[in-house]
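All of the numbers you see were taken from the coordinates with simple rules; none came from a lab. Since the structure is predicted, the reported quantities are computational estimates derived from the model, not experimental observations. Please note: Cβ atoms are built from the backbone with ideal geometry, for glycine as well, and neighbour counts cover all protein chains shown.
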Amino acid sequence: MLGLPSTSLPTLMITLALGTPVLTLLGAIGAALTVGLRRGGLLLALLVLPLYIPVLILGSGALRAALDGLAVQGFVLWLASLAALAITLAPWAIIAGLRISLNE
Amino acid sequence: MSWAWFHRLASPPRFYGLAGRLLPWLGVAAAVLLIVGMVWGLAFAPPDYQQGNSVRILYIHVPAAMLAQSCYVLLAIAGVVSLVWKIKLADVALHSAAPIGASMTALALVTGAIWGKPTWGAWWVWDARLTSMLILLFLYAGLIALGQAISNRDSAAKACAVLAIVGVVNVPIIKYSVVWWSTLHQGATFTLTEKPAMPAEMWLPLALTVPGFYLFFGCVLLLRMRTELLRREGRSQWAQAALGLSIDSRKTR
Amino acid sequence: MSFASFGDFLAMGRHGLYVWSAYGCCLLVLAWNLAAPIVARRRLLAAEARRARRSSPP
């Protein structure tokens, strides 16, 4: 599936399961900050892209390690901690962003 | 413990006066350290056994990179102070420091690339530390862009504070990336507990340029903050008095 | 001195272009960081002086 050997599929699934909430929540922070702005779309991309990159590096790093037969625990644990941080802290940032945009 | 001194410092006229008195000292100290450090590094420090004379770029690349990260941490702290204690001076600091930090990040990236070409044979590699520095540059750019996109100053202050705090997670990733991933960029030369891997005659100029850069940053930041304070508080009594003084002193010159 | 002559100093043992362009960039960045706030302050003072002259005619 996806041209990957079946041994790497569990890693793929885990990294996707952990990474997707992080990306969604980070995107929501950016969206909350820019929702009221004109041409906010471009600004949103600029804001959110740097925040995404560590997650993408970790996810692809984990998959690369799985393909090479190396240990993936480090990457997966890192993704898990980012997911935990995002789920607990991002809502506050989203609330703050929405309040700011409502006042605008 | 009394926090009165903190709140007194946060009063714009008091800060304006204090910054004005501090500026010349910072400027002179920075100039001395930078000139001596750079001349020493360029002319008197020994060349590296493997890298030859290109190692002299170290003396400007390292302080720029350190400043780039420290400045972002400063932005995040200013963001917290601005959001939690609603001190307007913190937003002035954030607004003023962001361009300086961005220019330092760009300088670190450019000098790093110039250094990398003779050393590693490549202008750029996608290793952890370089990529994280590039991400930091984009974080600065986004912060500055967001601050300019929002017209209401209070909303802009809050939005930039939130973004700075969210982005500060990236700074420890940069700092520890050299430890956690084995990469092309060399490991930490200086730790707090072990002897440095570089001989003294090579890192001594660095001991001058690093404080020099930081003092320069302080000097330029205070310069920017003073002007920004005058711009924002222009109609207030203290600002009118300060403006009057400055305009008069320029006329008599 | 780490160099035998000024010529050697400029050449930096084949790395001259790299070292000098890096230091050049550094000086440009430091100069911009110093100049931008000074110019901004001068502009603000000039604008204020103009405003003060307009609002209080002799």
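The figures follow:
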| quantity | calculated |
| --- | --- |
| Fewest-first sequence of B:165, B:247, B:87 by Cβ atoms within 10 Å of each Cβ | B:247, B:87, B:165 |
| Mean residue ellipticity (222 nm) of chain B, computed from DSSP H runs ≥ 4 via -39,500 (n - 2.57), nearest 500 | -26000 deg cm²/dmol |
| Paired Rg and Dmax values of chain B, which use every Cα atom, in angstrom | 20.4, 62 |
| All Cα pairs of the protein assembly as shown, percent lying beyond 42 Å | 23 percent |
| Centre separation in Å (Cα based) which lies between region A:43-104 and chain C | 39 Å |
| Mean Kyte hydropathy of 1.6 or more with a Cα span along the axis of at least 24 Å, helices from DSSP in chain B | B:58-84, B:128-149 |
| Candidate aspartates and glutamates for bridging to residue B:117, where Cα separation is under 18 Å - those fewer than 8 sequence places away on the same chain excluded | B:48, B:127 |
| Rg in Å to one decimal, and Dmax rounded to a whole Å, for region B:11-150 via C-alpha atoms | 18.2, 54 |
| Chain A: equivalent-ellipsoid semi-axes (sqrt of 5 x gyration tensor eigenvalues, Cα, Å) | 32, 14, 9 |
| Order of B:126, B:238 under a 10 Å beta carbon neighbour criterion, fewest first | B:126, B:238 |
